Amino acid sequence: MPALWIRNARVIDPASRRDSVGDLFALDGKMVARLSAADRGRARKIDARGLVASPGLVDIHVHFREPGQTHKETIATGSRAAAAGGFTTVVCMPNTTPPADNAGTIQFILDAVRRDAVVKVLPTGCITIGMKGDTLAPIGSLKRAGVVAITDDGDCVQSNELMRRAIEYAKMFDLPVMDHCQDQSMTEGAVMNEGDMSIRLGLRGWPNAAEDVIVSRNVILSAYTGAHIHMQHISSALSVEIVRRAKADGVRVTAEATPHHIALTDAALATYDTNFKMNPPLRTEADRRAIIAGLRDGTLDCIATDHAPHTDYEKDKEFDFAPNGILGLETALAVVLDVLVRRNRFRLPHALDLMTRRPADILGLPAGTLEVGAAADICLFDPDEAWTYNAKAGQSKSSNSPWSGRELVGRVKTTIVDGRVVYPLAAS
Amino acid sequence: MTWTRRHLITIEELSLREIEQIHSTASAFKKILGRNVKKVPALRGKTIVNLFLEPSTRTRLAFDMAAKRLSADVIAFDASSSSTQKGETLRDTAENIQALNADMIVIRHAAAGSPLYLSKILDIPVINAGDGAHEHPTQGLLDTFTMKEHLGSLKGRKVAILGDILFSRVARSNIHALTKMGAAVTLVGPSTLVPHGFTTLGAQVSHDLKSALADADVVMLLRIQHERQGHRHFPSLGEYTSMFGLNKTRASWLNPHAIIMHPGPINRGVEIDSELADGERSVILEQVTNGIAVRMAVLYLCAGYQPENVIASTQ
C-alpha cells in the first residue's frame, strides 16, 4: 500500500496531547513516526499548510437505514456523508427494517459495509426483539456477529426489570448498552419540547421530566449492577446534572450530546419547520447552556450526531405527521466549531477530543487517535473557511437539515481512512 | 383603509387595527343579514373550497353560509370523502384544489400549523378555520365582536376563560385578540388543563374560581373534551363540574351585567348549568349569528387583499 505524507499541518491529536505544526506519515494504512527515503519518494504528498490535521472523527450515533429504508439513506451514501463531514468511524443504529435484532441482519449489514462503505461503519444490535421492549434479543449472538453495542434507539426499554436484565446480561460480554432515554407514558403524541413554545404553537409537548426519569432509572440500574449504560442524545438540563452526580459517585454511565442540541432551541419551531423536528426535541436556552456546560466539565462524554435521514416527501408534511430526525454528519464539525470553540471558548483540541478519542473510548473502539501504530484515519479541515451548506448537493441521500442554505465556518478538506483518501473521491 | 393580508392564519400576527377593520366590516355585513334579501354580490364568480379535515358543525355551516351570502360558489370537501383517506398528502390535496381553479381555501385540520404550511405552498388565500390546539382566529374575532356589541370598548374589561385551556385553540385566539384590545384575561380551571406557561401569552392563570369570576364582565366557557384528555388530566366529569362547573351561585360572583359565552358544542350540566346556557345573560346563540358576519368580513377582505408587501419586496 502506498505511503502518505501530510506536510505542514497543525496536528491536533487530543489522545496524545499533541498540538503542533508538523508532518504526519502513514504506511500500509497505519500511522508511522517517519518514512524511509524511498517511501517518501513514493508517498502521496498532501500540502496541509493552514489546515488542521485531526484524527478522523468518530460518531457513535448514526442511522444509515439499511436494510429496508434505503430510500432515505444507504450504507454507501451514509458513509460518503460521513467522509464529507470528516468522520472515519461511525456506529449505526439498529432501527432498520427489519430491526437488527439477530445475527443474520448484522451479517447483512457487514456485507454491505464491506461492499459499499468508504469509512468504517460499525453496527449495533437491538436490546429487545423487534425493539418492542418485551423480550431480550439474542445479545450473545449479536456480539459474536460483530456488534459494538446494543440499543433500542428510537425507542426506550420501558420495563425497569427488562432493562436491568439486559445490562446485566450484556455485561457478561463487555458489551455497552446505549439508551434513548424517554418515558413513553409521558410523551404520548408529543412532537416538541413541552414549554412556553408548545403552549404558543398548540403542539403536544415532550417534557424534560420524561428524559430525566429514565436517566435516573439508568443511573440507579447501573449503580446496582455495575454495568455500563451510555445515555444517548441528552437534551435536558436536569439530566446533565443527574449524570454529573452519578459520575461523581463513580457510577459507570456515559452520555452524549448532539450538535443540534448545543446549537438550537425550540424557538426555532415558530414556523413549524419540520427540519427542526427530532427526538428528543430541541429544548430551551437553559437546557442548551447546561449541555454545553456538561461537555465542558466532562459530564457529557462526547458529541454524536444522531444523523437521521428522511426524504423530502416524508418531511414535507403537517408538523404532527412528519418523522423525527435531521441530518448531522456533513455539518457537525462546523457546528461544533461555531458553538463550542467560537461562541463558548472551548480550546480546539478539547472540542476535537469530544469528536475523536472520547466517543471511541466509550465503546472501546480502536479509533480516534493519530498515535504511531494507530489506523491512519485522518481529517484535514480548514477551521476558518466559510462555506454555504446545500443539503441537496450533499453526499447523503436525504436533505433534511436545518442548516441547509446557511453559511458555516470550518470546512473539511480531506478525509483519509487507513491511509487512503476517501473524501473528496476522485471522479470515477 | 386597505387590507394587505392574503391569508388569515392566526390572531397572534394581526395588529389591533386589523382586528378593528375586520370588526367594522363584519358590522356592515351584519346589517345585510337582517334584510329580506340576505345576499350581496361581493364574491360573485369566486369559488371557495371548505377543506374540513376534522369534524365541525358550527364553523363549517357558518363559513358555508358566509360564502353564500357573498354570492361565492362553495365546494365542501371533507376528510371522509377525500383522497387524504387514501394516503394523499396535504400538499398534493391542496395543489389539486388550486389546480381546479379554486379562489380560496378554508381549512380545518387537527394538526397545528397546517394552515401556515398551506399558505406557503399556495398562491390563493388560506383561511384558518381551526388548527389543532393552535388557533381558531375567526372564533376569536367573532367572540370579541360579540363582546364589543354588549360592552363597547374592551379596554380594561375583565374576561375569564374557564375550562380546558391547554387543548383549546379558541382560548389561544381569544387571548391574543383580547390582550391586543386591552382586556384583562384570566384563565381558570384545573391546574392540569391551565398550565402556568399561559402567562407568557399575556394572560393571568388561576385555579380559584371565585377570585377569577369576581367582577368579571365576561365569562367564556370552553367545552371539556373528555375524549381528548382521557382520564389523566382530571378524575371525572363529576368532579370537574363540582369544582369548576358554572352554576347559579357561581354566576352570582360575576359583574351584574356580565355576559356568558361558549363557542359550542355545549356539554349541558358539565361545564355549564343548562338553565344558565339558556338564560338571559347567555349570548351563546348571538355568537353563532355573529360568526356569519365575521366570516363574511374575513372572506371579503382576504379575497380583495392589496399586496403592498409584494410591491415593497420587488423594489
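Only the coordinates and a few stated rules stand behind these numbers; no lab work does. Everything quoted here is computed from the prediction, not taken from an experiment. As a convention, Cβ positions derive from the backbone with ideal geometry for all residues, glycine included, and neighbour counts pool all protein chains shown.
Descriptive notes on the structure:
- Percent of beta bridges antiparallel (DSSP, the protein assembly as shown, rounded to nearest 5): 30 percent
- Shielding by partners - mean other protein chain Cβ count within 10 Å, residues of A:373-385: 0
- FRET E, pair residue B:76, residue B:247, Förster distance 35 Å, beta-carbon r, rounded to 0.05: 0.35
- With a cut-off of 16 Å on the backbone N, the residues of the stretch A:136-150 near the modelled label site 7 Å out from residue A:111 along Cα-Cβ are A:145-146.
- As a calculated quantity, the FRET efficiency between residue B:36 and residue A:311 at R0 = 51 Å, using C-beta atoms, amounts to about 0.35.
- Residues in the stretch B:145-176 that a label on residue B:16 would reach, taking backbone N under 11 Å of a point 7 Å out along Cα→Cβ: B:154-156
- Label-zone membership for the stretch B:16-46, site residue B:2, 7 angstrom Cα→C-beta point, backbone N under 16 Å: B:18
- In terms of its C-alpha gyration tensor, the stretch B:161-277 has an oblate overall shape, because the principal axis ratio a/c (a ≥ b ≥ c, square roots of the eigenvalues) is not below 1.5 and a/b does not outweigh b/c.
- For the pair residue B:199 and residue B:58 in one chain, pulling the backbone fully straight at 0.36 nm per residue adds 47.8 nm over the alpha carbon distance.
- Part-to-part distance (alpha-carbon centres) for the stretch B:224-296 and the stretch A:35-58, which is given in Å: 76 Å
- Applying both filters, DSSP loop and at most 15 other Cβ atoms within 10 Å, to the chymotrypsin sites (Phe, Trp or Tyr not before Pro) of the stretch B:11-91 eliminates every site.
- Straight Cα distances below 16 angstrom link residue A:171 to the lysines A:143, with same-chain residues fewer than 8 positions distant left out.
- DSSP-loop trypsin sites (Lys or Arg not before Pro) across the stretch A:100-154, with at most 15 other Cβ within 10 angstrom: A:132
- Membrane-span-like helices in chain A, defined purely by DSSP H runs whose alpha carbon atoms cover 15 Å or more axially and whose average Kyte-Doolittle hydropathy reaches -0.5, are A:103-116, A:208-225, A:237-248, A:285-297.
- Fraction of beta bridges assigned by DSSP in chain B that are antiparallel (%, nearest 5): 5 percent
- Three-way shape label, the stretch A:56-363, alpha-carbon gyration tensor, a/c 1.5: rounded
- Within chain B, the whole DSSP H helices whose Cα atoms reach 20 Å or more along their own axis and whose mean Kyte-Doolittle score is at least 0.0 are B:284-303.
- Of all the options B:78, B:92, B:217, the one that moves most in a Gaussian network model of chain B with Cα springs shorter than 10 angstrom is B:92.
- Think of each Lys and Arg Cβ as +1 and each Asp and Glu Cβ as -1; about the Cα centre, that makes the dipole of the protein assembly as shown roughly 1160 debye.
- Positive-pole candidate from A:193, A:130, A:263, dipole of the stretch A:56-363, charges at beta carbon: A:263
- Peptide B:91-98 has a mean of 1 when you count, residue by residue, the C-beta atoms of other protein chains within 10 Å of its C-beta.
- Selection from A:9, A:350, A:340, by position along the positive dipole direction of chain A (Cβ): A:9
- Inter-chain neighbour count for B:194-202: the average number of beta-carbon atoms from partner chains within 10 Å of each residue's beta-carbon is 3.
- Inter-part distance where the stretch B:147-169 and the stretch A:260-288 are each reduced to a Cα centre, Å: 32 Å
- When only alpha carbons are used to place a centre, the stretch A:85-120 and the stretch A:152-215 end up 24 Å from one another.
- Cα-projected label distance for residue B:99 with residue B:44, points at 7 Å along beta-carbon direction, nm: 3.2 nm
- Couplings for the stretch A:367-384, taken from phi via the Karplus curve 6.51 cos²θ - 1.76 cosθ + 1.60 with θ = phi - 60°, read 7, x, 8, 9, 4, 4, x, 6, 4, 7, 9, 9, 10, 10, 9, 9, x, 10 Hz in order; Gly and Pro are left as x.
- Potential lengthening between residue A:273 and residue A:16 on full extension [0.36 nm per residue; Cα-Cα distance subtracted]: 88.3 nm
- Sites matching trypsin sites (Lys or Arg not before Pro) across the stretch A:327-356 that sit in DSSP coil, with at most 15 neighbouring C-beta atoms within 10 Å: A:345, A:347
- With at most 14 neighbouring Cβ atoms within 10 Å, loop trypsin sites (Lys or Arg not before Pro) (DSSP) excluded, longest segment of chain B: B:45-154
- Using a Förster distance of 51 Å, the FRET efficiency for residue A:36-residue A:387 (Cβ separation, nearest 0.05): 0.85
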